[in-house]
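> I am attaching a structure below and will ask some questions about it afterwards.
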Amino acid sequence: MNREPVSWWSEHLQKDINLIVYGDSGYPIIAFQAQGSKCNNFEDFGMIDTLSDYLEEGIIQIFSVDNFDEDSWSAVGADPAWRAERQEAYFSFVTEELVPFVHDYANTDLRPLATGCSMGATHAAIAVLRRPDLFQGCIALSGVYDAAYFFGDYMDGTLYENSPVTFMPNMPYDHPYIELYCQRQIVLCVGQGAWEDEGIRTERILDEAFRKRGISAWCDYWGFDVNHDWPWWKKQIRYFLPIVLDDIKDMLVAGTY
């Protein structure tokens, strides 16, 4: 299986960024890391091994990228406006640098999927909900989708755009993105066991916002024994990924992609 580290200087972040490409071909998936982690996090906690058959058979290709949460979500005590701007810079890096890189590297015009666990799920959901024109969907596992959890009472226009439970319930019912969401594979999953309280709360807010707008997102709630931890995320990715890939395959065959 191909494993290729890649680095470049990000104009948006004004930092060196690192990612690891796994696999030689297949549907492109951008993997975001758990809070404050770098591109090897997905591999270190066994997710690459969990998906090794998909990678070795050329079904998927994973682009596992650094997070910079130490500048934004994790930077407690720093100026909140600066923190919000740093998160927006990361979002701009993802949409304006990383997505074009994926297209060029994989030589494909397929829209990538986004995935991640915990904070990685938050990044995945933000990317897909803000730019469904660039992403085909997400498999977001145990995310917390409320900026207030990290920023307290602070809110400005930049942070608003990075807080799904804030902007989705306010989205106009005739917004053009609603039609795009219904053509995407949007999966949010959370357990109901230890350390999942905020994930449950924020996923339910999004679930309601989706249903009110007729958006066919899949918000799934696993059992009370399902904790906020890697063993469960491995089971969840194995459960959801084949369903999502089959749905995309059907769309490609039908010409509705």
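Each value in this text was obtained by applying a stated rule to the coordinates, not by laboratory testing. Keep in mind that what you see is a predicted model, and the values were worked out from it rather than measured. So basically every Cβ, Gly included, is an ideal-geometry build from the backbone, and we count neighbours across all protein chains shown.
> If the cut-off is a Cα-Cα distance under 19 Å, which lysines reach Lys38, setting aside same-chain residues fewer than 8 apart in sequence?
Cα-Cα hits under 19 Å: Lys15, Lys234.
> In terms of the Cα gyration tensor, with a ≥ b ≥ c the square roots of its eigenvalues, is the stretch 109-257 rounded because a/c is under 1.5, prolate because a/b exceeds b/c, or oblate?
On the way: a/c = 1.82, a/b = 1.11, b/c = 1.64.
Oblate is the answer for the stretch 109-257, as a/c is 1.5 or above yet b/c matches or exceeds a/b.
> If you don't mind, there's one more thing I want to ask. Using a 7 Å offset from the Cα along the Cα-to-Cβ direction at both Tyr154 and Gln14, what is the distance between the two label points in nm, to one decimal?
1.7 nm
> Another question about this same structure. So how do 93-102, 120-129, 64-73 stack up, highest first, on mean other-Cβ count within 10 Å? It would help to have the intermediate numbers written out before the result.
Numbers: 93-102: 18.5, 120-129: 28.2, 64-73: 22.8.
Top of the packing list down: 120-129, 64-73, 93-102.
> Something else about it: Quick one: Cα centre-to-centre distance for the stretch 90-127 and the stretch 202-257, in angstrom?
So the two Cα centres are separated by 17 Å.
> Is the stretch 168-223 rounded, prolate or oblate when judged by the Cα gyration tensor, a ≥ b ≥ c being the square roots of its eigenvalues, rounded requiring a/c under 1.5 and prolate requiring a/b larger than b/c?
It comes out prolate by the Cα gyration axes.
> Let me make sure I get this right: for the stretch 3-242, a, b and c are the square roots of the gyration tensor eigenvalues over alpha carbons, sorted descending. Under 1.5 in a/c it's rounded, otherwise prolate if a/b > b/c, else oblate. Which is it?
On the way: a/c = 1.29, a/b = 1.14, b/c = 1.14.
Since a/c stays below 1.5, the shape of the stretch 3-242 is classed as rounded.
> What is the spin-label model distance, in nm, from Val6 to Glu208 if the labels are put 7 Å beyond Cα along the C-beta direction?
4.1 nm
> Hey, what did the chain get for relative contact order, percent, Cα under 8 Å, at least 6 apart? Walk me through the numbers on the way to the answer.
Details: 480 pairs, mean separation 39.3, N = 257.
Relative contact order of the chain: 15 percent.
> Related question: Can you work out the PRE-style zone for Ile178? Point 7 Å along Cα to Cβ, and I want the residues of the stretch 208-224 with backbone N under 18 Å.
From the stretch 208-224, the list is 208-218.
> Only sites in a loop by DSSP and with at most 13 other Cβ atoms within 10 Å count here; which GluC sites (Glu not before Pro) in the stretch 1-65 make the cut? The partial results should precede the final answer.
Details: sites: Glu11, Glu43, Glu56, Glu57; in loops: Glu11, Glu57.
When the GluC sites (Glu not before Pro) of the stretch 1-65 are filtered for loop state and at most 13 Cβ neighbours within 10 Å, Glu11, Glu57 remain.
> So which residue, out of Phe224, Phe151, Phe210, gets the largest mean-square fluctuation from a GNM of the chain using Cα contacts under 10 Å as springs?
Phe224
> Restricting the count to DSSP beta bridges whose residues both fall in the stretch 3-242, what percent are antiparallel, rounded to a multiple of 5? If you can, show how the numbers build up before the last one.
Working: 12 of 35 bridges.
Among the beta bridges of the stretch 3-242, antiparallel pairing accounts for roughly 35 percent.
> Here's a follow-up. Any chance you could run the full-extension gain for Lys249 through Asn170? It's 0.36 nm times the residue separation minus the Cα-Cα distance, nm to one decimal. Provide the component values of the computation, followed by the final result.
Details: separation 79, 0.36 × 79 = 28.44 nm, distance 3.25 nm.
Here the segment from Lys249 to Asn170 would lengthen by 25.2 nm.
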